[in-house]
Each structure stands twice: as C-alpha cells, then as structure tokens.
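Trainee: Sharing a structure, written as structure tokens. Questions coming.
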C-alpha cells in the first residue's frame, strides 16, 4: 500500500518546519531570462540550512515523530545532503541521528555530518553493506529509519519549497525541478498541482542517470544500472511511491547532457552570483536545451542545493 | 573647493536610481555569526547590476546629467567594475560611454564592458597614457568625465546601499565597508552617520594596499606606492574628497592580510553560498581578525561585489 501525501500534508509540513527551516528567497536574473527566453524565478534552496532542500523533508520527518518515537533516535544510510539534513534536524530536536556512510565517502561529507552532530557508522561501499549496517543499528537502538525519499513525510516536507514559491508568485505557468530518487519532484508536483491545477510541472534529469525518463516512458520503474553524472545528487532511482506521484503529476522529463549541466552551473555562478551544485544546474540547463517551449512564460525553478567542493570545480581540469 | 555630498544627496540619488538599480537583498548566515561572535547583516551588492555597488554611483551620475550634458556622452578610465557600471548606465540612458582601458586589461573585463555597449579605447598601461587618452576623447567628443570615486554624485550613489540597509535594519550598531579610492566608504559613512549619528562606521583595507589606514593615522593623504593585493578593487588610493569625508565619519580602519582575505572569501562561498570577490571578503575578514570588539553587536557589512574569474580561484594553485 502506498501512502501518498497531499497538499494538506505539505501545508502541515510547512507549519511544522516554520521557524526551523529558512523561508528561502526567490531570485531573478535578467541575463538568465534573456538566455532562456522566459521569466525565471529561482527558488534558492542552495540558501536553505545545510545548503539544500533536504533539510525541509528531514525537519518535517523528525518533528513528525511522537516523543516516544523520537527518543529512539533516527537513522539513514546516505552520504549526501540528506545525511547532513537529518543530523541537523535531529540535533535541533535533541535526539540522536545515526548516519551510515560508505567508508569511501569524501572527508568533506563526513566532516559535515559530524559537524551537525550525526553519529557516523562507516560501512563497505555496497548497498548490501549499507542496509545490513543500518539494520544492525535499528536492532540495537530502535532508531527509526528516515529514508531520503521513500517516505511521505519527506516528500511533504520537500513540497514546502513550492508552496512558498507559489505563495510569492502565484502566477507561474510552469515549475521545474530536478529528479533523482524523486522526493523533491514528488513534493513539488503535489504542491504545485494542488495549489494550481493548470500549472505545468516539468522535471529535469541528467542523460547519464535517466531512469525517471525511461520509467515514465515505459510505464514501469526501470532503475539506473550504473548511472554516471556530475550531478551526484541525482544518481538514485525512483521508488514505487515517487514513481506513482510523478506519473500522476509531471508533464514531461527533460534530459540534459553533462556539458549542458556544467555550462548552466557556471552561467548561474557568473551571472546570478550564487553557488549552486551540479544537481541544481540540471534544472537550469533544461530551460535552454531546446526541448521545451517556454517562450514568454513565467517559470519557477527549484535550485535544489549549493554543496560543492570548491577545490574541484568542473570547469577546471 | 570640495563639494561634499550629504544625506539629502544620498536620498535624491536613491530616488534617481529607483527602478534602475536593484534593491539588493540583505542576507544572514548562522555560521558567519558564530565565527564573528556578532550578528552580521550582509548587504549583497554582489547581486547588484554588473555584479557590484559601482552601478549605483554610475547610475546616479549618468541620470544627474542634463539632457544637453548627456548628449555629449560620458568617459572614464578604468578597467574594473566602474567601467562596466558606467557603460550600462549610459546604455540605459541611451548615450555613449567611452571607456579608456590599458591594453593589458584582461579579456574578460574588456568583453564585459563591450557587452554593456561601452566604446573601448585601449591605451598604454600607465596613468599618463590613460589620462592623455581620456583628455583626447573629451577634446574630440565633449564627453563628460565620470571619475570612479572623486565625484560627489558617485559618492551619493554608493551611499544608497547603506540607506537601504538601515531602512531594513535600523537597529544596526556598526557598519563595515571596504576602502580603495574611498567612494563606497564615503557614501556609506555619509548615509550611516546621517541616518543614525550613534552608529560606528568601520573600514576594512588590505594590508598590501593600506594607504587609507596610513593616511588617516598621519592626517594627510599618503598614496600607495606599489600596492599589491588580491583585492584588485582596492588598489586605488584616497583622493582629497574621500579623505575629508572618511576623516570626518569613520571610526577606524582595520587592515587584513592576504591569507585572511582568501579565507574569508572561501568561507562566504562555502557557508553563505554566494559569490563574492576578494574586495568584498576584506570586510568579512575584518570581522574576525581580532582587531575589533563586536561581541553581541548588530553589524551591517557591504559586500561590494561578486566579479571573479571563475577559472582562477585563489585557493587553487
């Protein structure tokens, strides 16, 4: 059975995270508009706590727990932004967050999780090792698993970015979000179509990790085999829950090349003067890949995050 | 005779540039506050048009011209942000901007000026050649010189950033701005002390280009001989006008090392997720150089710009 969140769940999530997560700004940039041929409204989740929208979902999930549940702590296996987000949300509530990370995870990411107070358990860099390690922690501590996207509370939390965006700019014609596991896209689509049934919800996906595009085209989940993209937040594949939501609400998935991602990322850094990660640039690249006709439209776009290793930028060889 | 602008001039400048320059956002960042030990309010002139506060002054100067004056066009010798700002302001008013640049100016800067419609005249990389070339253009076209900082209209325009900052956050205790030629600092200090006589105005300057600190200490202008700093917007020395204003209004000039500048720049990129140029990082570095006691204070800081060559970042060797 799938528990699919609704606009009301997104609204409740917004109340729950109010004052805990940032209400991020919406930015515009004349040069981006000129290149895209439409009016672009960038919802800056790169300016969210921990530098990514992930904090919205994690915060909603952590604060949805009863006191009895919360006392047991939370756990996830992730080396990315979700791990940092869960660690911070748990610390804010005063509970433990166990983070299972592969021992190959970059030092920068391990430090970030530890910096937010997460208790790291290293494992082998295989899915099986991650899951076994997590299961052991759950058995030992009773911690509650907070999956990064296969979780209705997470999805409802991610939807709050779009709730805010459409509150500020109700006359948007289109909203674009990147898709990896589909948590952000699901939340975005639930909030957007719930608030405004006429709105078009479009996803952006790297060609090198295009499981969502292939899954939607074939009507069943086709996980990525060995996805490869610089947009490392989008390597994961859809799950049952996100597939159902996306199938119901999303008009189109636009795939973009690696070159286009790097180009869009640099363009935003240079012209909008904000730092976005490659996964956020995927959405921007979709604006001008020539696969969409957005001329004259008002287009919201979720810039999902800004976590980048500044010592290794993709335009430097 | 020195024509010193007042708070009223800043107010008139604000009316003049309204709808032409951006009203930039003010950002906060918990990690910066924690490191600085005070509450920091960053006025984001890196998000201003042309990526720098310079557009405020240039816009005010260009739109202050009578129609007869404007018809003659404007001219400056500059290879930095002022050149771009003047070019854009002139284009907006539909007049010519002549920009004298040394032939050694980076391609990136030449392209930027040309992109805003500026008419570039290259000269030798000496002050004499710049001035001779500019004089020839003035003789030929009648163009009006808009100096980057030795100009009351420019100073009044730069002050509008602080007018906005203190309108949004009237309870600031301190405002910090970087100092090069002193246009931004002069405008900042006129607006700040005019609006709130009790406010402390503090300047930040690279140790490698510390003419303002030495000039203030000795009571007379001591120009930099061969200044050297990564903060290339702050290489210029004070002029009579800015020296007088700064001497009257600025409490202290804090000098910061090159290492501190690079460290602060990277810290802001990593934690606030916005792109600032080294000159803007000078002000941030001053927050935690240990030369100021700002504990518990509410501190406004002018992030002067965000123009950086992304292919050459200072933390990469």
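Read-outs: derived from the displayed coordinates by stated rules, not from any lab. Values in this document were obtained by computation on a predicted structure and should not be read as measured data. Reconstructed Cβ throughout: ideal geometry from the backbone, glycine too, with neighbour counts over all protein chains shown.
Trainee: If each residue's Cβ is checked for other Cβ atoms within 10 Å, how do A:28, B:242, A:236, B:126 rank with the fewest at the top?
Mentor: Listed from fewest to most nearby Cβ atoms, that is B:126, A:28, A:236, B:242.
Trainee: Using Cβ contacts closer than 10 Å as the measure, can you line up B:26, B:113 from fewest to most?
Mentor: With the fewest neighbours first, B:26, B:113 line up as B:26, B:113.
Trainee: Still on this model: Angle between the Cα long axis of helix A:81-93 and the longest principal axis of chain A, 0 to 90 degrees, nearest 10?
Mentor: Orientation of helix A:81-93: about 60 degrees from the principal axis.
Trainee: Rounded, prolate or oblate, given the Cα gyration tensor of the range B:184-272, with a/c below 1.5 counting as rounded?
Mentor: oblate
Trainee: Nearest 10 degrees, 0 to 90: what angle lies between the long axis of helix B:183-195 and the longest principal axis of chain B (Cα atoms)?
Mentor: Once rounded, one gets 60 degrees.
Trainee: Let me check against my output: what whole-number percent is the relative contact order of the range B:150-284, with C-alpha pairs under 8 Å and at least 6 apart?
Mentor: About 27 percent, as a whole number.
Trainee: Right, something else. Taking the Cβ-Cβ separation of residue B:309 and residue A:218 as r and a Förster radius of 51 Å, what is the calculated FRET efficiency to the nearest 0.05?
Mentor: After rounding to 0.05, the efficiency reads 0.65.
Trainee: Once the label point is placed 7 Å from Cα along Cβ, list for residue B:141 the distances to the corresponding points in the other copies, in nm, shortest first.
Mentor: Label-point separations across copies, in nm and ascending: 6.8.
Trainee: Would you mind giving the mean number of other chain beta-carbons within 10 Å of the Cβ of each residue in B:30-43, as a whole number?
Mentor: Taking the mean over all residues of the peptide, I get 0.
Trainee: Further question: Residue B:293 versus residue A:228, label points 7 Å from Cα toward the beta carbon: distance in nm?
Mentor: 6.0
Trainee: Give me the percent relative contact order of chain A, please, defined on Cα pairs under 8 angstrom at least 6 residues apart.
Mentor: Over chain A, the number comes to 22 percent.
Trainee: Can you tell me the alpha carbon radius of gyration of chain A divided by the globular rule-of-thumb value 2.2 N^0.38 Å?
Mentor: Normalised by 2.2 N^0.38 Å, the Cα Rg of chain A equals 0.93.
Trainee: Next question, about the same structure. Once label points are set 7 Å from the Cα along Cα→Cβ at both residue A:28 and residue B:8, what is their separation, rounded to one decimal in nm?
Mentor: 3.5
Trainee: Let me ask something else about it. Which residues among the range B:20-38 fall inside the zone where the amide N is under 11 Å from a point 7 Å beyond the Cα of residue B:167, along Cα→Cβ?
Mentor: Output list for this probe position: B:23-24.
Trainee: Of B:153, A:16, how do they rank once you tally other Cβ atoms within 10 Å and put the fewest first?
Mentor: A:16, B:153
Trainee: Next question. Dividing the alpha-carbon Rg of the protein assembly as shown by 2.2 N^0.38 Å yields what?
Mentor: Ratio of Cα Rg to 2.2 N^0.38 Å: 1.02.
Trainee: Across peptide B:174-186, what mean number of C-beta atoms from other chains lies inside 10 Å of a residue's C-beta?
Mentor: What the average comes to for B:174-186 is 0.
Trainee: Another question, if that's okay. Run through the other copies and list how far each one's label point is from that of residue A:248, in nm with one decimal, shortest first; the point sits 7 Å from Cα along Cα-Cβ.
Mentor: 6.8
Trainee: Which residue fluctuates the most in chain A, going by a Gaussian network model with Cα springs under 10 Å, if the choices are A:234, A:47, A:127?
Mentor: A:127
Trainee: Relative to the other copies, what are the label-point distances for residue A:310, with labels 7 Å from Cα along the C-beta vector, expressed in nm at one decimal and sorted shortest first?
Mentor: Between copies, matching label points for residue A:310 lie 1.5 nm apart.
Trainee: So, one more: Tilt of helix B:152-168 relative to the longest C-alpha principal axis of chain B, in degrees (0 to 90, nearest 10)?
Mentor: 30
Trainee: Separate question: Could you calculate the contour length gain from residue B:114 to residue B:126, that is, 0.36 nm times the residue separation minus the distance between their Cα atoms, to one decimal place in nm?
Mentor: Value of the extension gain: 2.2 nm.
Trainee: What shape does the range B:1-152 have by the C-alpha gyration tensor, where a ≥ b ≥ c are the square roots of the eigenvalues, rounded means a/c under 1.5, and otherwise prolate means a/b greater than b/c and oblate the rest?
Mentor: Note, shape of the range B:1-152 comes out prolate.
Trainee: Before rounding to the nearest 500, sum -39500 (n - 2.57) across all DSSP H runs of length at least 4 in chain A and divide by the residue total; then give [θ] at 222 nm in deg cm²/dmol.
Mentor: -13000 deg cm²/dmol
Trainee: Still on this model: To the nearest whole number, what is the average tally of beta carbon atoms from other chains within 10 Å of the beta carbons of peptide B:273-280?
Mentor: Per residue, the number of nearby Cβ atoms from other chains is 4 on average.
Trainee: Okay, moving on. Based on the Kirkwood radius over alpha-carbon pairs, what is the Stokes-Einstein translational diffusion coefficient of the range A:55-145 at 37 °C with 0.692 mPa s viscosity, in µm²/s?
Mentor: Rounded, D is 259 µm²/s.
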